[in-house]
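Here, each number is a calculation from the coordinates, and none is a lab measurement. Everything numeric in this text was worked out from a predicted model, so none of it was measured. All Cβ positions, even for glycine, are placed from backbone atoms using ideal geometry, and neighbour counts span all protein chains on display.
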Amino acid sequence: MEQESLGTLLAMIGMLIYGLEPVVIKSNPSNPVSFATFSALTASLILWGSLLWSGRWREIKDNRKGLKGAFFIGLFGTALAYLAYSYGVRLSTAINASLITRSEVLFSFFLSWVFLGERITRNLVSYSAVILAGLVLVITQGGSMELHFGDFLLLLVPLFWQLGHVISKKLSYSPITIAALRNTFGFLILLPFAVATGLELSKFVLAEGLIIALGQIVWYKAIKLINLSKATAIITPAPAVAIGIGVFLGESFTPYHALGFLLITLGTLGAVRVKSELRT
């Protein structure tokens, strides 16, 4: 399979995997910081097991300079993002959190253009706008959003994610190694905050750890093959997957759901057709 097609397919699989995450997080009854800490630990153990089994751990030994970049991926992509999200949700609403974090695609355009030299086409911007419009309808149900102070913290979450992704694009490590190091460093950074706020162990940590491990392997492989901006546009509908699961389980299905899913589907189908290019 050619690089562009494989990268696009992996990004779409990542969208489905990450779409399950809100269902797990919503079900978790424990301290969110402690939950994030133990989830990162669980993911890192799964990933390190695979690294040791495959022998890929040797690439860390052969390229220790990459550890600095991996540390910052763990700092931005896991630790700071989780902290901003946890406290942002407490000061805002779940609806605002879902919508604001989907602004990740906009941060992706800017950072990819500045630091990675990616070409952001008008078509990709247009399709992403359609996806975001669909998400607004699905999440807000056509209503208005009340602004909260926590919204500013939530706005930092997609920024932290994308900073981590930009760094990962430049690392020579394999996707599974990047994911293992990200969660290891993320766990170590989060641990003191979890201790300070109260350690609690939840059975949902296993499910979240598995989602993180599989999702990050697929995601890092995808952005090695295609532009970060395109991959981000493809996974933007992930929250709608969770909403779709809720509908399947018996939750109400409204006209806003129907129109929102239509826009999300059209926008995603358009985004996957845009070819990854660099600025000339």
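For the chain, the square roots a ≥ b ≥ c of the C-alpha gyration tensor eigenvalues yield an a/c of 1.5 or more together with a/b not exceeding b/c, which makes the shape oblate.
The GNM of the chain, with springs linking C-alpha atoms under 10 angstrom apart, assigns the highest mean-square fluctuation among 207, 40, 11 to 207. With a ≥ b ≥ c taken as the square roots of the eigenvalues of the C-alpha gyration tensor of region 159-280, please select rounded if a/c is under 1.5 and otherwise prolate if a/b is larger than b/c or oblate if it is not? It comes out oblate by the Cα gyration axes. Amide H contacts of residue 118: 113, 279, each under 5 Å away and 5 or more positions distant or on a separate chain (H built 1.01 Å from N in the peptide plane; Pro and chain starts excluded). Using a basic spin-label model with each label point 7 Å from the Cα along Cα→Cβ, how many nm lie between residue 2 and residue 277? The answer from the label model is 1.4 nm. Simple point charges give the picture: +1 on the Cβ of Lys and Arg, -1 on the Cβ of Asp and Glu, and for the chain a dipole about the Cα centre of about 860 debye.
Quick one, could you list the DSSP H helices from the chain stretching 18 Å or more along their long axis (Cα atoms) with average Kyte-Doolittle hydropathy of 1.6 or above?
Numbers: long enough: 3-27 (37 Å, 1.03); 32-54 (33 Å, 1.28); 122-140 (27 Å, 1.72); 150-169 (30 Å, 1.16); 175-197 (32 Å, 1.51); 204-225 (32 Å, 1.45); 255-271 (24 Å, 1.25).
Once both thresholds are applied, what remains is 122-140.
Name the shape class, rounded, prolate or oblate, that the alpha-carbon gyration tensor gives for region 119-190, where a ≥ b ≥ c are the square roots of its eigenvalues, rounded holds for a/c under 1.5, and otherwise prolate holds if a/b is larger than b/c and oblate otherwise. Oblate, since a/c reaches 1.5 and b/c is not below a/b. For the chain, what's the relative contact order in percent, using C-alpha pairs closer than 8 Å and at least 6 residues apart? Relative contact order comes out at 43 percent. Straight-line reach from residue 170: taking Cα to Cα under 24 Å and skipping same-chain neighbours fewer than 8 places apart, the lysines in range are 61, 65, 68, 221, 224, 230, 275. Mind jotting down the distance between the C-alpha centroids of region 19-76 and region 183-250, whole Å? Cα centres, region 183-250 to region 19-76: 10 Å. For a paramagnetic label modelled on residue 245 (point 7 Å from Cα along Cα→Cβ), amide N atoms under 18 Å away belong, within region 189-207, to 202-207.
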